[in-house]
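All of the numbers you see were taken from the coordinates with simple rules; none came from a lab. Remember, it's a predicted structure, so these values are computed and weren't measured experimentally. Because the Cβ atoms are built from the backbone with ideal geometry, glycine has one as well, and the counts that use them run over all protein chains shown.
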Amino acid sequence: MNERNKIIGKIDWVTVLIYLALVIIGWFSIFSAKYDEMHPSIFDLSQVYGKQLIWIGASLLIGFVILLIDAKFFNAFSMWIYVIVLASLFMVLVYGKATKGATSWIDLGAGIKFQPSEFAKMATALALAGYLGNYDNDLQKRRNQVVAIILVLIPMALVLLQNDTGSAIVFVSFIFVFYREGLPGAGWVMMAGVVAVLLFVFTLVWSQKVMYIILGSLLVLAVVYYLINKKKDIAKMIAIFACMFVFVFSVDYAFNKVLQEHQRNRILVLLGQLDDPKGVGYNVHQSKIAIGSGGLMGKGFLQGTQTKYDFVPEQHTDFIFCTVGEEGGFLGTSVVVLLYVALLVRIITLAERQRSSFSRVYGYSIAGIFFVHFAINIGMAIGLVPVIGIPLPFLSYGGSSMLAFTIMLAIFVKQDAYRLVNL
Amino acid sequence: MKKNQKKRIENALTSRKTNTFVNHIFIMRTSNNNLSSRRLLIMGIFIAVGLLYIVRLFLLQVVDTKYKAMADNNALRYVTQYPARGKVYDRNGRLLVFNEAVYDLMVIPKQAMKRDTLRPFDTATFCRLLDIDKTSFIERMNKAKKESYLKPSPFMTQVSKENYAHIAEVLYRFPGFYFQTRTVRHYPLSIAAHTLGDIGEISRNELDKDEEDYYRQGDYIGKSGIEKSYEKELRGVKGLKVMMVDVHNREMGSFMDGELDKEPVAGKDIFLGMDAELQAYGEQLMVGKIGSIVAIEPATGQILAFVTSPTYDPNLLVGRERGKHYKELQEDPMKPLINRATNGTYPPGSTFKSVVGLIAMQSGSITPATCFHCAGPGSLPIKCTHHHGSSPDFANAIMNSCNPYFYESFKATINNPKFGNIKEGYQYWKDMTYKLGLGHKFGTDIPYERPGNIPTREYYDRMYGGQWNSVTIRSLGIGQGEVLVTPLQLANIAAYIANEGYYYPPHLIKCFGDTTAIPEVMTTKVDPGIDSRYVRVMKAGLRTVFSGSAGTARRYEMKDIPQCGKTGTAQNPHGNYHSNFIAFAPYDHPKIALAVIIENGGYGATWAAPIASLMIEKYIRGYTLREDLEKRMMEGRISYKNER
């Protein structure tokens, strides 16, 4: 048995099978969403479903090549890959094409467009893993903390400059890996994030005044509790409350001045503050109709009336989950959700069994990235999250995202297969 | 190492002191091995979000049925399938009304304007095809765009059948354009506009009255004539086609292979009692005169001709120019839109003497042998306009149209001692006229019928403070005064006498195209309760109007067709006398009974009698032997003061 076979034999087939299942569900959903009687073949290369097949083929090929490449390659070249992708993000800012308000494409000619932001996530994950793994950099040191955070913030800022808010939000997912790697305060940041979202939502729904009253009464209760129990860090507690007051105070300002109008409207629609099913709320409204009309068992493959006839915009890209929901019903949607949860849990489990911290950090990074994509994309399709245009990994149509997510996962599978050889 | 790790996690989880667990998750200063337990929170978040989404999906997809309904509205379009409206034929099967397909070229600007580099829109060829210039093309396109960018608007309406075939063949080269078929009513003979009526878009008022909830805004409905009377039968039943549509309003085919579709049921054809040739002939005879001819088949009550003059071509009120033509007709001082055959109410004049005489005989107030004194023009209270023997019997009085005789008959009826007083006597008389079809509507299939007027005794009580007698209301005896009849009612009197004592309520329909029975009211014989002996006396009397040496219509006697009739010369507030005539023929088993009223035509014998006689000849013989008379009648013009 030569080494190559040995390596392939160690591949985690659970991950690979979940991946293939999602890719195939995605391909058939795109076919159904874009089905055209003039082009009834799923292999018709002039149609998006035919093109998606090309992307799937290319992804599988590249994925296979990655499995053949020496696992140390990605560790060794992580910083170079990071730099190259950052450079391409700069290129986009200079030469990029604007699509729907975001400048995120590079036209490579011959009809091939390339979206570097899809690869920036992977590159960042590699760089972070390389930094924290290779040099055995401990996140307890202030310098290492700063470098690690900056590694994430640079691509995030560049993507934000492209006006691609959705992709920028994905970088928030690195909080999971920071938390796992023991970055001081990461847990608190996660908590604070949840509290901030809740405060934000309640302030918009109930107005600032009500929030002041609620926070005020909570503060009084807490102070009384602390005094009675003679607790020491009363100052800290009061400081936390002060932060919350400031946050609530700034919600209105942030909402009206920082956010752009379409973002504001999307949030208001989600919170039920704005009812406009034909305007801003159109996408979500149509998406909910499509998914809701699927029922328990769905309407059957190619039988959807909502997605097939263009009621749902972006149905084959960001709203591909509608097709799953309409034609596959609750059965189909829960299978997809469970596949994702299984993939995420599997990646975490694999990450924990890695001996090298490079592999572990990388695994947590991509789990976080997949999770944020999954949570936002499906959340927006079912009306739980404001509309943020990011694809559903492996399902949405798109060459860049298909390739980027496949490479992302393949690198991890390779690292996992190599884990025993590594030491 | 691994075992150790596992143990630590277990410790962390099972520890009674929750603080330890919290430490593992939130507190920063722990070794990397301890950090491994942090995966639990991360996995927990992933699983929690997954579960939250599954719950949400369950609510959205399984529990909430609202979205299913919304989806149906969203993607399915219920396209109404309009049935073909029933055709209308005359009694001999000649087509009077049919549907004609017209083609509207529709455009969806968005699809038409879409740039396709492979197949650019060839405007030049397109314009040549439609025979329009480029300016017109742009104008039409802009108009459509203004209407709606995404929805179809008419680009060119009512394209002819030939052009349609020509254009449709190559239309696939011009995306965004398609033909929409509509049907309009067409009247090949251009006659009987008022009888046939027309259809038009349903009004708000009609929609409100639609209790079955059959009609929708924009539907067509019968507005007048038999289109109105037989709306339900002619229209058929709408069908339904369930189409799938996309968000751009494009139809994407039939839903569920048409399982939910409902085929429309075509409307019933209708055969009218009308004789198209006789109707056309009547309309020709009436050119240049205001008035009406109503001809009835006595044996059935079917209307053979329903002429009103002036009339118009029913095809004027169809299609694009409808509104313009309607306005012109409405503003015409001759009022061609009025159907005088049933909307015109006229003093019957002497034709009414038939009614007066019959009631007098039935009430026993006179007998055929009764004579009344006539002093000619010196008679009181009503003078006589005819010259005849001084004491005519009934037969003579009818032939000569003696005014005093019928005044006396009328007086004898209402003053008949058996009624006790004049008011009861009058009540009897009025009831009898009512039974003869006067003073009320027949209520058959004739739209917008008018009841005419036979005054009630209450009316006279009010009018004269209760103090009135036979002299006060003497004009009634000779068909003047308050009494008003429609030509239809008058024709029915003629049919009644022709039948020797009964009539069928006059109606337009003969039968439906299928076996559906026509409403019972039209096939129910009405017997007003006058002994047929008296009616036969009256019939014989009316014969002498033609055959008698002093008959008022003797000039129009035909040797081979024994006609009966009664002239009327009615005073009216609008100028010269109305020329009236009722007639039927042949004497035995009459085939046609009719009434003719020529407004301001003078003596009954001048216009109405010859026109009636020509109608009879036309109907029975099929042509006329009296070409001079026919020519004179057709070309004759009466001048009216409100003429343009």
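Descriptive notes on the structure:
- Take each peptide in B:427-437, A:191-201, count the other Cβ atoms within 10 Å of every residue, and average; sorted highest first, the result is B:427-437, A:191-201.
- Spin-label model, A:Ile150 to B:Ile138: label points 7 Å out along the Cα-to-beta-carbon direction sit 6.3 nm apart.
- Virtual spin-label span in nm between A:Phe73 and A:Phe255, 7 Å along Cα→Cβ: 5.1 nm
- Cross-link partners of A:Lys34 among aspartates and glutamates, defined as those whose alpha carbon lies under 18 angstrom from its own and excluding same-chain residues fewer than eight positions apart: A:Asp44, A:Asp310, A:Glu314, A:Asp318, A:Glu326, A:Glu327, B:Asp246, B:Glu251.
- Residues whose placed amide H lies under 5 Å from that of B:Val526, excluding near-sequence neighbours: B:Tyr503, B:Tyr504
- The packing ranking of peptides A:234-246, B:394-406, B:307-319, B:439-451, highest mean first, is B:394-406, B:307-319, B:439-451, A:234-246, where packing means the average number of other beta carbon atoms within 10 angstrom of each residue.
- Applying 1/(1 + (r/R0)^6) with r as the Cβ-Cβ distance of A:Leu93 and A:Leu20 and R0 = 30 angstrom yields a FRET efficiency of 0.25.
- Between the range B:455-488 and the range B:565-583, the Cα center-to-center distance that results, in Å: 18 Å
- When the helices of chain B are scored as -39500 (n - 2.57) per DSSP H run of n ≥ 4 and the total is divided over every residue, the value at 222 nm lands at -11000 deg cm²/dmol.
- Cα gyration tensor shape for the protein assembly as shown, rounded if a/c is under 1.5, else prolate or oblate: prolate
- Exceeding the 22 Å Cα-Cα cut-off - candidates B:Lys110/B:Lys146; B:Lys353/B:Lys411; B:Lys228/B:Lys327; B:Lys161/B:Lys510; B:Lys209/B:Lys238: B:Lys161/B:Lys510
- Among A:Leu331, A:Leu403, A:Leu350, residue whose mean-square fluctuation peaks in a GNM of chain A (springs only between Cα atoms under 10 Å): A:Leu331
- Kyte-Doolittle mean at least -0.5, axial Cα span of 24 Å or more - DSSP H helices of chain A: A:13-33, A:48-68, A:72-95, A:116-134, A:142-161, A:186-206, A:208-229, A:234-253, A:320-352, A:357-381, A:399-417
- C-alpha center-to-center spacing [the range B:194-229, the range A:355-372] in angstrom: 74 Å
- The relative contact order of the range B:276-635 comes to 21 percent, based on Cα pairs under 8 Å that sit 6 or more residues apart.
- Helix axis angle, B:276-285 relative to chain B longest principal axis, alpha carbon, degrees: 60 degrees
- Theoretical ellipticity at 222 nm over chain A - DSSP helices of four or more residues, -39500 (n - 2.57) apiece, nearest 500: -23000 deg cm²/dmol
- Inter-chain Cβ neighbour average for residues A:179-185, partner chain, 10 Å: 5
- GNM on chain A, alpha-carbon springs under 10 angstrom: the most fluctuating residue among A:His262, A:His285, A:His316 is A:His262.
- Helix B:134-147 vs. chain B, principal-axis angle (Cα, 0 to 90°, nearest 10): 80 degrees
- Shown in residue order for the range B:339-349 are the 3J(HN,Hα) couplings computed by the Karplus curve 6.51 cos²θ - 1.76 cosθ + 1.60 at θ = phi - 60°: 8, 5, 4, 9, 9, x, 10, 10, x, x, x Hz (x for Gly and Pro).
- Listed by chain and number, the aspartates and glutamates placed with their C-alpha closer than 14 angstrom to that of B:Lys289 are B:Glu599, B:Glu635, B:Glu643; residues fewer than eight positions away on the same chain are left out.
- Prolate/oblate/rounded call for chain A, Cα gyration tensor, a/c under 1.5 rounded: oblate
- By average C-beta atoms within 10 angstrom, highest first, the peptides B:567-575, A:363-371, B:329-337: A:363-371, B:567-575, B:329-337
- Placing a label point 7 Å from the Cα of B:Thr157 along the Cα-to-Cβ direction, the residues of the range B:327-360 with a backbone N closer than 17 Å are B:327-328.
- Between B:Asp313 and A:Val197, the modelled labels are 7.7 nm apart [label points 7 Å from Cα along Cα→Cβ].
- Using alpha-carbon coordinates, inclination of helix B:487-498 to the longest axis of chain B, degrees: 60 degrees
- Among A:Ala123, A:Ala58, A:Ala290, residue whose mean-square fluctuation peaks in a GNM of chain A (springs only between Cα atoms under 10 Å): A:Ala58
- Amide H contacts for B:Asp445 (H built 1.01 Å from N in the peptide plane; partners 5 or more residues away or on another chain; cut-off under 5 Å): B:Leu508.
- Peptide A:344-351 - average C-beta neighbours from other chains (10 Å radius): 3
- Shielding by partners, peptide A:326-336 (average Cβ within 10 angstrom, other chains): 3
- Global geometry of the range B:374-441, whether rounded, prolate or oblate, following the gyration tensor of its Cα atoms and the 1.5 cut on a/c: prolate
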